[in-house]
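J.: Can you keep this structure in mind? I'll have questions shortly.
The values are calculated or read from the model by the stated rules, or taken from the named source; none is laboratory data. No experiment lies behind these values; they were computed from the predicted model shown. All Cβ positions, even for glycine, are placed from backbone atoms using ideal geometry, and neighbour counts span all protein chains on display.
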Amino acid sequence: MASKIVLASNNAGKLKEFQQLLADQHLDVLPQAQFKVTEVDETGLSFVENAIIKARHASKLSGLPAIADDSGLEVDFLDGAPGIYSARFAGTDANDAKNNQQLLERLHGVPDEQRRARFQCVLVYMRHPLDPTPLICQGTWEGRILQQAQGSNGFGYDPLFLDPTTGLSSAELSKAEKNTRSHRAKALQCLLAQLSQ
């Protein structure tokens, strides 16, 4: 496997997580911005379609193998929303704070037992832009949505996502704890297992 891989994302939080999770594998995860890779329109209707679109684009423009993840939050009460629209749940100018506020507003008055949710992550590894058989892995993290934000670690919906095993929000977990139980960590373990075959 290549020692340098481009991450098809401009999300600093994701980059940091991938660099930590892949450090033991002696893989240098580089941000796509380093290669002037622009954001690509996520026109897919599923996490896997969007991850393939992003990986192919980053690999083509960087000349390196690419990892892309498409991940998001699925809330049962909202019929799986925000889903693939997690990053722009509050609109095109959304940020973490606006998305979290939108989620709390949509779940206002909904009791805890009806706030089941999960983080999904689909990870794609593409050896080159025309790779006909990209590696695809999925990880899921079950939990529920809190009534209010807790914790200051992480990013995205982490302050609102309760991990039932620890009784803490994702934003209250240490990086090490999060990296053992998160959807992204599970997808990455799957990918590493495939890459080592």
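J.: Report the residue count in the range 89-116 for those that are of a type outside the set (S, T, N, Q), in contact with a helix residue (DSSP H, G or I) (Cβ under 8 Å, 6 or more places away or on another chain) and surrounded by fewer than 21 Cβ atoms within 10 Å (Cβ to Cβ).
T.: Residues that pass the stated criteria total 9.
J.: I'm trying to understand the selection: among the residues of the range 140-186, which are in contact (Cβ under 8 Å) with a residue 40 or more places away in the chain, surrounded by fewer than 18 Cβ atoms within 10 Å (Cβ to Cβ) and part of a strand (DSSP E or B)?
T.: Residue satisfying the conditions is Thr140 alone.
J.: Quick check on the range 51-67. Is at least one of its residues under 12 Å from Val124 (Cβ atoms), in a strand (DSSP E or B) and not acidic (Asp, Glu)?
T.: The answer is yes, given that some residue of the range 51-67 is under 12 Å from Val124 (Cβ atoms), in a strand (DSSP E or B) and not acidic (Asp, Glu).
Rundown of residues vs (1) over 17 Å from Thr133 (Cα atoms); (2) surrounded by fewer than 19 Cβ atoms within 10 Å (Cβ to Cβ); (3) of a type outside the set (Asp, Glu), yes/no style:
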position: Leu15; (1), (2), (3): yes, yes, yes
position: Thr38; (1), (2), (3): yes, yes, yes
position: Ser62; (1), (2), (3): yes, no, yes
position: Asp69; (1), (2), (3): no, no, no
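Residues checked against (1) at pLDDT 95 or above; (2) of a type in the set (S, T, N, Q); (3) out of contact with any Pro (no Cβ under 9 Å at 6 or more places or on another chain); (4) in a strand (DSSP E or B):
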position: Glu39; (1), (2), (3), (4): no, no, yes, no
position: Thr43; (1), (2), (3), (4): no, yes, yes, no
position: Glu49; (1), (2), (3), (4): yes, no, yes, no
position: Asp70; (1), (2), (3), (4): no, no, yes, yes
position: Gly80; (1), (2), (3), (4): yes, no, yes, no
position: Ala97; (1), (2), (3), (4): yes, no, yes, no
position: Glu105; (1), (2), (3), (4): yes, no, yes, no
position: Val110; (1), (2), (3), (4): yes, no, yes, no
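J.: Sort through Pro129, Pro134 and tell me the only one that's within 28 Å of Ile67 (Cα to Cα) and over 19 Å from the mean Cα position of the chain (by Cα).
T.: Pro129
J.: Follow-up. I want to confirm something. Restricting to the range 117-137 and keeping residues that are closer than 17 Å to Val48 by Cβ and without any contact (Cβ under 8 Å) to a residue 60 or more places away in the chain, which single residue is surrounded by the most Cβ atoms within 10 Å (Cβ to Cβ)?
T.: Ranking the qualifying residues of the range 117-137, first place goes to Cys137.
J.: If you check Thr180, Thr92, Thr165, which single one turns out to be among the polar types (S, T, N, Q) and under 18 Å from the mean Cα position of the chain (by Cα)?
T.: One residue alone meets the criteria, Thr180.
J.: Let me ask you something else. List the number of the failed condition for Leu135; all other conditions in (1) in contact with a helix residue (DSSP H, G or I) (Cβ under 8 Å, 6 or more places away or on another chain); (2) closer than 22 Å to Asp76 by Cβ hold.
T.: (2)
J.: To continue, here is another question. When both residues are 6+ apart or on different chains and their Cβ atoms are under 6 Å apart, which pairs have a first residue that lies in the range 23-35 and is at pLDDT 90 or above, and a second that is of a type outside the set (A, V, I, L, M) and assigned to a loop (DSSP other than H, G, I, E, B)?
T.: Ala33/Asn10
J.: Oh, and also: Any idea how many residues of the range 17-35 are crowded, with 17+ Cβ neighbours inside 10 Å and polar (S, T, N, Q)?
T.: Final tally of qualifying residues: 1.
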